[in-house]
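First comes the structure, then the notes that go with it.
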């Protein structure tokens, strides 16, 4: 056996040893940063997990890998503030991929999930989509298919984050309104005229005008129509008070 072949075999054994050593080590569960989009890989097979991680790293987002759904959800915490795209294998050893989807749907709406499986059928696809998955990727898949799905997931996650921030901003502005202004706002959103609002709130039409102007200024809207549209788009549920 020549010297070059010996070096090649030695290098091969070193790779195999390092792979086995990494597989035997306990998986570290990182605390995920919440101020940026991330990619999460959940797969109980070490080789698949590392392969997907290496594959999506060029997209430029931090990539976090987990060997179980429980570890993934634990890393997110209960704040619902994490955001990004999750690549979830269907057949995990403990918590199934569908169960992970269900948990994300309840608490982490700014994480867009993708389901990866070698056992796709019509029922599975329907179940996955109903639980919030944006797509189901069948194994084996092309690298480009995964990149496209993850890229679309990150775009969708960014849109969800922007929507959430808009809603939170509107809620903060609404909370700055006085109870009287909130009561007038409720009437404005119903389409009441100034006279109707004055009667309903037991105030003068001049006071209605003053409160309308204050509402628009505090809510950063030029017209009642614009404000109504912003509130409808945000899906914000308002607790409109009434004057005593």
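The values are calculated or read from the model by the stated rules, or taken from the named source; none is laboratory data. Since this is a predicted model, take the numbers as computed values, not measurements. No Cβ is skipped: glycine too gets one built from the backbone with ideal geometry, and neighbour counts run over all protein chains shown.
Could you check the stretch 88-103 and list, in sequence order, the residues that are closer than 21 Å to residue 56 by Cα and under 13 Å from the mean Cα position of the chain (by Cα)?
Result: 101, single match.
Somewhere in the stretch 32-43, is a residue surrounded by 10 or more Cβ atoms within 10 Å (Cβ to Cβ), assigned to a helix (DSSP H, G or I) and at pLDDT 55 or above? Give the steps one after another, and end with the answer.
Going residue by residue through the stretch 32-43, those that are surrounded by 10 or more Cβ atoms within 10 Å (Cβ to Cβ) are 32-34, 36-43.
Those left that are additionally assigned to a helix (DSSP H, G or I): none.
The answer is no; no qualifying residue exists.
Count, please, the residues in the stretch 56-75 that happen to be surrounded by 16 or more Cβ atoms within 10 Å (Cβ to Cβ) and either touching a helix residue (DSSP H, G or I) at 6+ places or on another chain (Cβ under 6 Å) or at positive phi (or both). Let's see the steps before the verdict.
Quick first cut of the stretch 56-75, residues surrounded by 16 or more Cβ atoms within 10 Å (Cβ to Cβ) only: 56, 61, 63-73, 75.
Remaining after also requiring either touching a helix residue (DSSP H, G or I) at 6+ places or on another chain (Cβ under 6 Å) or at positive phi (or both): 56, 63, 65-66, 69, 73.
Number of matching residues: 6.
Restricting the search to the stretch 78-113, which residues are at pLDDT below 90 and either over 15 Å from residue 132 (Cβ atoms) or assigned to a strand (DSSP E or B) (or both)?
Correct list: 78, 79, 81, 91, 92, 93, 94, 95.
Mind checking which helices (runs of 4 or more DSSP H) fall wholly inside the stretch 126-243 and carry at least 3 residues that are in contact (Cβ under 8 Å) with a residue 60 or more places away in the chain and under 18 Å from the mean Cα position of the chain (by Cα)?
Working: elements: 143-175, 179-190, 194-201, 205-218, 224-234.
Qualifying helices (runs of 4 or more DSSP H): 143-175.
Which condition number in (1) surrounded by fewer than 17 Cβ atoms within 10 Å (Cβ to Cβ); (2) modelled with pLDDT under 95 is the one that residue 213 fails?
Tallying (1) surrounded by fewer than 17 Cβ atoms within 10 Å (Cβ to Cβ); (2) modelled with pLDDT under 95, residue 213 fails exactly one: (2).
Looking at residue 161 and the list (1) surrounded by 15 or more Cβ atoms within 10 Å (Cβ to Cβ); (2) farther than 22 Å from residue 82 by Cβ; (3) assigned by TED's automatic domain parsing to the domain that holds residue 91, which single condition is not satisfied?
(2)
When you look at residue 167, is it in contact with a helix residue (DSSP H, G or I) (Cβ under 7 Å, 6 or more places away or on another chain) and within 30 Å of residue 221 (Cβ to Cβ), yes or no?
yes
I'd like to check something: does the stretch 107-119 contain any residue that is touching a residue at least 60 places away in the same chain (Cβ under 8 Å), under 18 Å from residue 38 (Cβ atoms) and within 13 Å of the chain's Cα centre (by Cα)?
The first filter runs over the stretch 107-119 and keeps only residues touching a residue at least 60 places away in the same chain (Cβ under 8 Å), leaving 111, 116.
If we keep only those that are under 18 Å from residue 38 (Cβ atoms) as well, we get 111, 116.
The next check asks that each one be within 13 Å of the chain's Cα centre (by Cα); those that pass are 111.
Yes.
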